[in-house]
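S.K.: Quick one: structure below, then a few questions.
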Amino acid sequence: MAFNSTVENLPEMGRFSLRCKRENTVAMSKALGFELPSSISEITRSRTRSALRLGPDEWMLTCPMEERSALGKSLAAIYPDAVHSLTDISSREVSIRISGPEAEELLSTSCPRNLAELASGRGVRTIFDSVQVILTREKKDQFRLDVWRSFAPHVLGLLTVAVAEFECGL
């Protein structure tokens, strides 16, 4: 049986860390143009933007690079009425997509989380080897790892070794 999964770097995207109190989420959602997710690990999307709830008062927002300024301005405009912290982390992280029938097994080589329990359209902060990552299950056989740029060579190296071992049948 041939190994049929891929590991690829994704194009840069705009990313923000958003922190705000629960009472400000309605105003935030209105400014963003879509609802912020209400439960941890839930993802909501508009046409080009997404929000992943990472904690009780924390979301990761993503958008195309060319929308970063507009997203920042829309939330800055409501700051006086909806106090929040918005930090542009676009240059801090890169994204890696792992896809194919063996994607879950490939990730399991360095991720201790039970990936079978991570439903499609959900994301979590977790560990890959010793590196903190945000892991999103985009589809049944497709995942995205958001990893700090400085750790990306380590993560990609581990994935490359795992792919080679799967291809050799080890």
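S.K.: Rg/Rh for region 57-170 to two decimals, with Rh computed the Kirkwood way over all alpha-carbon pairs.
M.R.: Numbers: Rg = 16.6 Å, Rh = 15.8 Å.
So for region 57-170, dividing Rg by the Kirkwood Rh gives 1.05.
S.K.: Something else now. Kindly report the accessible area of region 18-149 per residue (heavy atoms of protein chains, probe 1.4 Å, no ligands, DNA or RNA), in Å². Spell out each step's value before the answer.
M.R.: Working: 6580 Å² over 132 residues.
Solvent-accessible surface per residue comes out at 50 Å².
S.K.: For Cys168, what accessible area in Å² do you get when you roll a 1.4 Å probe over the heavy atoms of the protein chains, rounding to the nearest 10?
M.R.: Near enough 100 Å² of accessible area.
S.K.: Using only alpha carbon pairs under 8 Å that are at least six residues apart, calculate the relative contact order of region 17-170 and give it in whole percent. List each step's numbers first, then the result.
M.R.: On the way: 233 pairs, mean separation 30.9, N = 154.
So the answer I get is 20 percent.
S.K.: So, one more: Rounded to the nearest percent, how much of the accessible area of region 25-131 (1.4 Å probe, protein heavy atoms only) is carbon and sulfur? Don't skip to the answer; put the middle values down first.
M.R.: Numbers: 2610 of 5220 Å².
Solvent-exposed carbon and sulfur of region 25-131 make up 50 percent of the total.
S.K.: Over all directions, what mean area does the Cα convex hull of region 1-127 project, stated in square nanometres?
M.R.: Numbers: hull surface 34.3 nm².
Its average projected convex-hull area is 8.6 nm².
S.K.: Continuing with the same structure: Farthest toward the dipole's positive end in the chain, which of Leu115, Val83, Phe166, given Cβ charges of +1 (Lys, Arg) and -1 (Asp, Glu) about the Cα centre?
M.R.: Checked the options; the winner is Val83.
S.K.: Rounding to the nearest 20 debye, state how big the charge dipole of region 39-78 is about its Cα centre with +1 on each Lys and Arg Cβ and -1 on each Asp and Glu Cβ. Intermediate values should be presented prior to the final figure.
M.R.: Details: 6 positive and 5 negative charges, 34 e Å.
Using only the charged Cβ atoms, the result is roughly 160 debye.
S.K.: In deg cm²/dmol and to the nearest 500, what is the mean residue ellipticity at 222 nm of the chain if only DSSP H runs of at least 4 residues count, each as -39500 (n - 2.57), divided by the residue total? Walk me through the intermediate numbers first.
M.R.: Details: 4 runs with 39 residues, N = 170.
That comes out to -6500 deg cm²/dmol.
S.K.: Let me ask you something else. Along the charge dipole of the chain, pointing to its positive end and built from +1/-1 on Cβ of Lys, Arg, Asp and Glu, which listed residue (Asn4, Leu61, Ile134) has its Cα farthest out?
M.R.: Ranked along the dipole, the leading option is Leu61.
S.K.: In terms of the Cα gyration tensor, with a ≥ b ≥ c the square roots of its eigenvalues, is region 111-170 rounded because a/c is under 1.5, prolate because a/b exceeds b/c, or oblate?
M.R.: Numbers: a/c = 1.98, a/b = 1.19, b/c = 1.66.
Because a/c hits 1.5 or more and a/b fails to exceed b/c, region 111-170 counts as oblate.
S.K.: At q = 0.17 Å⁻¹, what is the log10 ratio I(q)/I(0) for region 37-108, with the Debye formula run over Cα points and no solvent?
M.R.: Evaluating at q = 0.17 Å⁻¹ gives log10 I(q)/I(0) of -0.81.
S.K.: How big is the charge dipole of the chain about its Cα centre, in debye rounded to the nearest 20, if each Lys and Arg gets +1 on its Cβ and each Asp and Glu gets -1 on its Cβ? Provide the component values of the computation, followed by the final result.
M.R.: Values: 21 positive and 22 negative charges, 130 e Å.
Value, rounded to 20: 620 debye.
S.K.: Among 75-82, 29-36, how do they line up from the highest to the lowest mean number of other beta-carbon atoms within 10 Å? Display every interim value, and only then the final one.
M.R.: Details: 75-82: 13.2, 29-36: 16.2.
Answer by packing, highest mean first, reads 29-36, 75-82.
S.K.: By Kyte-Doolittle mean hydropathy of at least 0.0 and Cα axial length of at least 18 Å, which whole DSSP H helices of the chain are selected?
M.R.: Helices meeting the span and hydropathy rule in the chain are 152-168.
The values are calculated or read from the model by the stated rules, or taken from the named source; none is laboratory data. Predicted model, so just to flag it, every value in this text is computed and none were measured. FYI the Cβ positions are ideal-geometry reconstructions off the backbone, even for glycines, and counts take in every protein chain you see. Just so you know, the surface numbers come from the protein's heavy atoms only, side chains and all, with ligands and any DNA or RNA stripped out. Shrake-Rupley method; radii C 1.70, N 1.55, O 1.52, S 1.80 Å.
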